[in-house]
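Undergrad: Let me begin by handing over the structure; questions about it come next.
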Amino acid sequence: MKRVAKNICVAVTGVGAIIGQGVVSSLRVAGHDVRIVGIDRNERSPGTYKVDVFEKKPEASEDTPAYLEYWVNIVRKHNIRLIIPGLEIDMHFLNRNRAWFESLGVTLALNTPELIHETTDKWKFGERLAAIGYPVIPSMRPPRNWQEAVGVLGDPPLLLKPLQSNGSRGIVRLADERDFEYWRIRTTSEWMLQRIVGSAEEEYTVGVFGLGTGAVVGPIIFKRRLSSAGNTLEAVVVRNHPVIERAVELLCHSFSPVGPTNLQFRVEGETAYLLEINPRFSSSNSLRTAFGFNEADMTVDYYLYGKIPASPSILEGVAWRYAEDFVKYDSHPV
């Protein structure tokens, strides 16, 4: 019989956005009786009504003593046992302050410091992939001109990518020299160019739960269709994909992730090109829960109780995301 933890207080950050809301929904159907404290800067979102208690983030920067004091107060006020980051910025904040939160007696649902650091910069992570012999998407740092880019990477279109971003944020498709000249002077962060590999019809998002040894629970593989923001709009469960399964095994053996980890691929022939690794919950976490792979449930088991999650039975099917109204009435009709 599954052990049920009674009345544990779990904090989930970013409940105003899709990842945090997915984590909350997954905790609600998990096998643990949890009290959820939702955290976000935006107090006017549906996520604030899905949690047991909402705490608004202060306007203070994450690097100030005032922000740390905010966390001291809510940890003590609610007796928070576990913190799950639902935003990348929160993951980095918690990662920088691991020892400080440990002194408060709080467990953080974080991946390894090494993997968090390595995946921050796309160019450097590409170099790391090459070092382990993994096929890397043909890329180059800002070229002198368009002709050099095409000479190295091949015929357009090409992709301009910020070195530090997540999802599809900041990625621009360049069709010609005019696009190149326009965007290279308007992109303020460091960037690189990449060849477009595979096709949108062969794009996959993969979830694993890492055990820190190279072994993982999973994978669960979705063939996906994306929104303009880089989130999954449609997900089809893929039961058997040897090319991706081999890629996931090699990458997890090399990087030894811990906890919820998302790998994104485009397949071209017999090569699964890695688009990125997200060393955290991803936007498709609630979709994985719907098919039997509940990362939030695994997180409570693993991080709080040291229990290795059992391999779940994954259902087959397809899931879609769509807009739906959420209405909160201020009064009842008379």
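The values are calculated or read from the model by the stated rules, or taken from the named source; none is laboratory data. Keep in mind it's a predicted model, so treat the numbers as computed, not measured. Counting neighbours? That spans all protein chains shown, and the Cβs are built from the backbone with ideal geometry, glycine included.
Undergrad: Can you tell me which of (1) at pLDDT below 90; (2) in contact with a helix residue (DSSP H, G or I) (Cβ under 7 Å, 6 or more places away or on another chain) is the one Lys2 doesn't meet?
TA: Only one criterion is unmet by Lys2, namely (2).
Undergrad: Does region 307-330 hold any residues that are closer than 20 Å to Val236 by Cα, more than 22 Å from the chain's Cα centre (by Cα) and without any contact (Cβ under 8 Å) to a residue 24 or more places away in the chain, and which are they?
TA: Hit for region 307-330 is Ser313, nothing else.
Undergrad: Give the residue that is nearest to Lys223 (Cα to Cα), with candidates limited to residues of region 280-334 that are out of contact with any strand residue (DSSP E or B) (no Cβ under 9 Å at 6 or more places or on another chain) and hydrophobic (A, V, I, L, M, F, W, C).
TA: Residue satisfying both the conditions and the ranking: Ala323.
Undergrad: Moving to a separate point now. Filter region 7-28 for residues that are of a type in the set (A, V, I, L, M) and part of a helix (DSSP H, G or I); which is surrounded by the most Cβ atoms within 10 Å (Cβ to Cβ)?
TA: This residue is Val23.
Undergrad: Is it the case that some residue within region 287-299 is assigned by TED's automatic domain parsing to the domain that holds Thr205, of a type in the set (D, E, K, R) and over 18 Å from the mean Cα position of the chain (by Cα)?
TA: no
Undergrad: I need the full set of residues from region 151-180 which are modelled with pLDDT of 95 or more and out of contact with any strand residue (DSSP E or B) (no Cβ under 8 Å at 6 or more places or on another chain), in order please.
TA: Gly151, Asp155, Ala175, Asp176, Glu177, Arg178
Undergrad: Further question: Only residues that are touching a Ser or Thr at 6+ places or on another chain (Cβ under 9 Å) and among the aliphatic types (A, V, I, L, M): list them for region 222-261, please.
TA: Leu226, Ala229, Leu233, Ala235, Val243, Ala247, Val258
Undergrad: State the number of residues belonging to region 138-157 that are crowded, with 16+ Cβ neighbours inside 10 Å, under 15 Å from Glu181 (Cα atoms) and in contact (Cβ under 8 Å) with a residue 24 or more places away in the chain.
TA: 3
Undergrad: Let me ask you something else. If a residue must be part of a helix (DSSP H, G or I) and among the hydroxyl-bearing types (Ser, Thr, Tyr), how many such residues does region 38-95 contain?
TA: Qualifying residue count for the region: 4.
Undergrad: Further question: If I filter region 29-40 down to residues being surrounded by 13 or more Cβ atoms within 10 Å (Cβ to Cβ) and out of contact with any Asp or Glu (no Cβ under 8 Å at 6 or more places or on another chain), which single residue comes out as farthest from Tyr70 (Cα to Cα)?
TA: Ranking the candidates gives Val34 first.
Undergrad: Considering only residues that are of a type in the set (S, T, N, Q) and either crowded, with 22+ Cβ neighbours inside 10 Å or in contact with an Asp or Glu (Cβ under 6 Å, 6 or more places away or on another chain) (or both), which ones fall in region 176-224?
TA: At the first step, the residues of region 176-224 found to be of a type in the set (S, T, N, Q) are 187-189, 194, 199, 205, 213.
Within region 176-224, just Thr205 meets the criteria.
Undergrad: Taking region 251-288 on its own, how many of its residues are aromatic (Phe, Trp, Tyr) and in a loop (DSSP other than H, G, I, E, B)?
TA: Looking only at that region, the number is 1.
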